[in-house]
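Only one structure is covered here, and it is reproduced in the block below.
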Amino acid sequence: MAPPESAGPQAAVITLDQARLDHLQTLWTALWKRDPSPEDMAAITDCHLRQEVFYREAPRMGLVKDDDIIRTRLAQKMEAASSDLSMVM
């Protein structure tokens, strides 16, 4: 779906840099206990890009409002982040 006009042309750009590709490859290798083939990497990339599009579009469609699953997950992430910060100090 197209971004709102006020978002500007960069809102539609998804950047997939080498660091992110390396991270996705590491996750794959940890799960399957082997390096991904070129076909696997294409599927991994496609899945990641599809997920990113959905991730960006969901708030625009209002799908995050009053969603208990999202609320719970964000609270879990904040708890983990605050725990990590408390260990650093």
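Estimated from the Cβ-Cβ distance and a Förster radius of 30 angstrom, the FRET efficiency linking Tyr55 and Thr29 is about 0.80. The Kirkwood hydrodynamic radius of segment 11-59, based on inverse pair distances between different Cα atoms, is 11.6 Å.
I need the semi-axes of the equivalent ellipsoid of the chain: take the C-alpha gyration tensor, multiply each eigenvalue by 5, square-root it, list largest first in whole angstrom. Walk me through the intermediate numbers first.
Numbers: eigenvalues 133, 115, 37 Å².
In descending order, the three semi-axes are 26, 24, 14 Å.
Summed over all non-identical Cα pairs, the Kirkwood treatment of segment 44-89 gives a radius of 12.6 Å.
Assuming R0 = 22 Å, what is the FRET efficiency of Arg20 and Ser86, from their Cβ-Cβ distance, to the nearest 0.05? Present the calculation step by step, with values, prior to reporting the outcome.
Numbers: r = 28 Å, r/R0 = 1.27.
Efficiency, from the Cβ-Cβ distance: 0.20.
Which residue, chosen from Val64, His48, Pro36, occupies the Cα position most advanced towards the positive end of the dipole of segment 5-89, where the dipole is computed from +1 (Lys, Arg) and -1 (Asp, Glu) charges on Cβ about the Cα centre? Result: Val64, furthest along the dipole toward the positive end.
In debye to the nearest 20, how big a dipole does the chain give about its Cα centre with +1 on each Lys and Arg Cβ and -1 on each Asp and Glu Cβ? Kindly include the intermediate steps, with their values, before the conclusion.
Values: 10 positive and 14 negative charges, 30 e Å.
Dipole magnitude for the chain comes out near 140 debye.
Using a 1.4 angstrom probe on the protein heavy atoms only, could you order Lys77, Lys65 from most to least accessible area? The partial results should precede the final answer.
Numbers: Lys77 115, Lys65 155 Å².
These residues rank, largest area first, as Lys65, Lys77.
Using only the heavy atoms of the protein chains and a 1.4 Å probe, how would Met41, Met78 rank by accessible area, largest first? Mind dumping the intermediate values first?
Details: Met41 40, Met78 130 Å².
My answer, sorted largest first, is Met78, Met41.
The values are calculated or read from the model by the stated rules, or taken from the named source; none is laboratory data. Note that the coordinates shown come from a computational prediction; the quantities given were computed from them, not determined experimentally. Glycine gets a Cβ as well: all are built from the backbone with ideal geometry, and neighbour counts include every protein chain shown. Only protein heavy atoms, including side chains, enter the accessible area calculation; ligands, DNA and RNA are left aside. Shrake-Rupley method; radii C 1.70, N 1.55, O 1.52, S 1.80 Å.
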